[in-house]
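Read-outs throughout are calculated quantities, based only on the coordinates presented, and are distinct from any laboratory measurement. None of the values given here were measured: they were computed from a predicted structure. Note that we place each Cβ from the backbone using ideal geometry, even for glycine, and neighbour counts take in every protein chain shown.
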Amino acid sequence: MPYMTLTRGLAIVILLFALYCGLDPFKQSPIQGFPDFEVHKINLPSWSEVPLDHDKDNLLLKSELMFVNQVQGPESIAFDSHGRGPYTGVADGRILFWNGLSWIDFAYTSPNRSELCNLKASATPLSYVETEDICGRPLGLRFDKKTGDLYIADAYFGLMKVGPQGGFATSLATEAEGVPFRFTNDVDIDTEGNVYFTDSSTKYQRRNFIQLILSGDNSGRVLKYNSATKETTVLVRNIQFPNGISLSKDGSFFVFSEGVIGRLCKYWLKGDKAGTLEILAILPGFADNVRVNENGDFWVAIHCRRYMYSYINALYPKIRKAILKLPIPTRIQYLLHIGGKMHAAVVKYSPDGKLLQILEDNEGKVVKAVSEVEEKDGKLWIGSVLMPFIAVYHLT
């Protein structure tokens with residue numbers, strides 16, 4: 001009798017647990033509220049191709065944290081043609097300029113700014129997610145060294161430009177082939193005034209980047225804006241989360257990162273291979289922005305390393321969707337994919353795809369996350385869309 005009672009009780013517990021998982025009454029699942037959520041297989045390289053190189057000394061621990069709580073979510077960092085800066089876009093929609101003494105407002109991307117966008121004393125980079133579409137969210141920044149104009153990839157307002165004196169940015173493009181941008185992410189400009197940029201998804205906005213990553217959505221595009229003709233064309237399509245983009249030093253090609261797959265791709269602009277695409281490098285993890293240095297090498301921001309859990313999830317979409325339906329909070333799902341804790345890495349590649357250097361903080365003690373690495377005067381300026389500071393690492 002006690003055995004039957006125990007069995008019956010266990011069956012009731014299992015039934016209640018199944019009902020809880022199926023109903024998700026507290027709406028914990030990351031795909032709650034996304035009735036059309038679809039999953040796609042992510043065509044990852046074989047596990048044996050993923051670089052295992054580590055920075056055994058955890059050199060990013062030596063980074064200096066600057067402007068703590070003065071900048072919220074500084075995704076991209078830029079210096080103008082006079083070497084002034086840094087300039088950075090922050091979570092409340094402003095682009096700020098460091099004048100050597102303090103941060104001042106330099107530019108805005110949203111025509112709808114209101115009191116909702118005002119900086120809050122207790123703000124964090126995530127505080128503004130719900131108002132990003134109102135306030136704007138400037139991500140990639142690049143200066144045209146000839147004109148002094150600043151080109152901006154705003155996640156919600158598309159490709160924009162502002163003059164050397166700053167102010168309200170002008171919209172250049174918001175769609176291509178009749179399909180609106182949903183997540184304009186990064187930008188670069190060549191010496192002829194052609195602008196290259198990424199639209200990470202035509203389905204998901206930046207505020208839903210977790211769902212974008214977990215879905216494996218492949219609607220991302222790499223685009224070109226011709227400043228002379230004002231035309232926007234699609235160069236590469238059907239990409240799973242195209243993120244950072246950077247022209248080579250000689251302008252013969254550009255590279256862009258595939259954030260979900262974790263690799264660098266090279267698109268040729270000149271020469272016999274013009275118009276063709278090739279894989280430049282397999283990366284150790286989830287990539288963000290890419291920036292070229294004076295030597296022509298590329299610094300790539302790695303949000304975190306790839307772990308076997310995320311690798312298996314990527315290969316088996318049905319398993320991934322089943323897990324995502326469980327009432328497991330988004331934060332926990334996120335931590336499972338990144339190995340349990342936030343930790344940053346930056347890697348340097350040669351123009352032909354050779355891994356030259358890797359710097360890490362594998363415990364996330366100082367540099368927890370990284371979105372971009374800008375090399376200037378022997379220093380790496382490290383920004384993060386998730387952190388309230390800029391980290392500076394001295395190369396020498």
(message) Check which residues have an amide H placed less than 5 Å from G259's amide H, if you skip close sequence neighbours.
(response) N243
(request) Compute the projected area of the convex hull of the Cα atoms of the range 130-227, averaged over all viewing directions, and report it in nm² to one decimal place. (result) 6.3 nm²
(request) May I ask which residue of Q72, A169, L395 lies farthest towards the positive end of the charge dipole of the chain, with charges of +1 (Lys, Arg) and -1 (Asp, Glu) on Cβ and the Cα centre as origin? (result) Q72
(request) Averaging sequence separations of C-alpha pairs under 8 Å and six or more residues apart, then dividing by the length of the range 251-396, give the relative contact order as a whole percent. (result) 18 percent
(request) Once you've got the GNM for the chain with C-alpha springs shorter than 10 Å, pick whichever of L52, L336, L214 has the biggest mean-square fluctuation. (result) L52
(request) Calculate the length of the line joining the C-alpha centroid of the range 304-362 to that of the range 43-63, in whole Å. (result) 12 Å
(request) Report, by chain and number, residues whose modeled amide H sits under 5 Å from the one on E175, excluding near sequence neighbours (fewer than 5 apart, same chain). (result) F181
(message) Here is the link list: K321/K365; K146/K379; K27/K365; K249/K379; K56/K379. Which ones come out longer than 22 Å on Cα distance?
(response) K321/K365; K146/K379; K27/K365
(request) Diagonalise the Cα gyration tensor of the chain and give the resulting equivalent ellipsoid semi-axes, square root of 5 times each eigenvalue, largest first, whole Å. (result) 36, 24, 22
(request) May I ask you to derive the relative contact order of the chain, considering only C-alpha pairs under 8 Å and at least 6 residues apart, and to give it as an integer percent? (result) 19 percent
(message) Just to be sure I understand: with springs between alpha-carbon atoms less than 10 Å apart, which residue in V373, V347, V187 has the highest mean-square fluctuation in the Gaussian network model of the chain?
(response) V347
(request) If a/c stays under 1.5 just call it rounded; otherwise compare a/b with b/c (prolate if a/b is bigger, oblate if not). Do that for the range 171-323, with a ≥ b ≥ c from the square roots of the Cα gyration tensor eigenvalues. (result) oblate
(request) From zero up to wherever the largest Cα-Cα distance of the range 289-395 sits, split into 10 Å bins and tell me the percent of pairs in each. (result) 14, 39, 29, 15, 3
(request) Just grab the label-to-label distance for L101 and Q357, each label 7 Å out from Cα along the Cβ direction, in nm (one decimal). (result) 3.4 nm
(request) Compute the FRET efficiency between M308 and T124 as 1/(1 + (r/R0)^6), taking r as their Cβ-Cβ distance and R0 = 41 Å, and round to the nearest 0.05. (result) 0.85
(message) Give me a comma-separated list of calculated 3J(HN,Hα) values for the range 41-54, in order, Karplus coefficients 6.51, -1.76, 1.60 applied at θ = phi - 60°, integers in Hz, x for any Gly or Pro.
(response) 5, 9, 7, 6, x, 4, 4, 5, 8, 5, x, 9, 4, 10
(message) Please list 3J(HN,Hα) in residue order for the range 296-306, calculated via the Karplus relation 6.51 cos²θ - 1.76 cosθ + 1.60 where θ = phi - 60°; whole Hz, with x for glycine and proline.
(response) x, 8, 10, 8, 10, 7, 10, 4, 6, 6, 8
(message) Please check: in the Gaussian network model of the chain (C-alpha springs, under 10 Å), which one of E177, E64, E49 has the largest mean-square fluctuation.
(response) E177
